[in-house]
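Reading through the structure tokens given below for one structure.
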Amino acid sequence: ELSEYSNFFWSITINIAIAIINEINNCVESKQIYTALTLALSLPDACGSLEWPELSGKRHVGKRYKKWFDKNVIYYLSPLSIYNKDCPPILTGEECYKLRCSVLHNGETDISKELNIDYYQIDLETNRLGGPEFRRGNTVEVKNNEWVVKQYFFIKAFVLIKSIVDAAENFINN
């Protein structure tokens, strides 16, 4: 049973999460995709603090964020990864936390160095579904008459935003 303080904390945090979701939807409607992405990347923080309030304090923020993302968002980004262990998720909690830190602290969406890959792109232009939503894999280039394998990652910001929002709404409503 939750204490009176816990009930108060839960209520406040739920209201904050709902307000963030509403603002994200407003931003998407008005084609402010970068702002929507920034807000969406903060939702796992709020939802993680609701699910694991005992993981509080600065040293637990990343752990809580990654844990909540991996438990709740992965299904929305790559449904096959839940059923097929050989199919990795398109984006893990670890990777999304790196993106969150880069966007919120540095204003950068390119985390190729943090992920140790060659190309990392978030499409901030498209605010609708359709076409390739996300891709991850290898490509081959010729450099100095040698075949060079390059790793790449591509995702539409709208897909990531929608996945996080859908997961947060499902979490809040259940």
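Annotations for the structure displayed:
- Look at the stretch 35-54: where a residue is without any contact (Cβ under 8 Å) to a residue 60 or more places away in the chain and a partner is surrounded by fewer than 18 Cβ atoms within 10 Å (Cβ to Cβ) and outside any helix (DSSP H, G or I), sitting 6+ places away or on another chain with Cβ atoms under 9 Å, you get Gly48/Leu55; Ser49/Leu55; Ser49/Ser56.
- For the stretch 151-174, a residue qualifies if it is outside any helix (DSSP H, G or I) and open to solvent by less than 40 Å² (accessible area, probe 1.4 Å), and the qualifying residues are Phe153, Phe154, Ile155, Lys156.
- Test: residue in the stretch 152-166 that is more than 17 Å from the chain's Cα centre (by Cα) and either within 20 Å of Cys27 (Cα to Cα) or not basic (Lys, Arg) (or both): yes
- So Asp86, is it over 19 Å from Leu37 (Cβ atoms), among the acidic types (Asp, Glu), modelled with pLDDT under 85 and open to solvent by 60 Å² or more (accessible area, probe 1.4 Å): yes
- For the stretch 135-150, taking the residues that are open to solvent by 80 Å² or more (accessible area, probe 1.4 Å) and within 24 Å of the chain's Cα centre (by Cα), the one that is modelled with the highest pLDDT is identified as Asn138.
The values are calculated or read from the model by the stated rules, or taken from the named source; none is laboratory data. On a predicted model such as this, the values are computed, not experimentally measured, just so you know. Every residue, glycine among them, receives a Cβ derived from its backbone with ideal geometry; neighbour counts consider all protein chains shown. Accessible surface areas use protein heavy atoms only, side chains included; no ligands, DNA or RNA. Shrake-Rupley method; radii C 1.70, N 1.55, O 1.52, S 1.80 Å.
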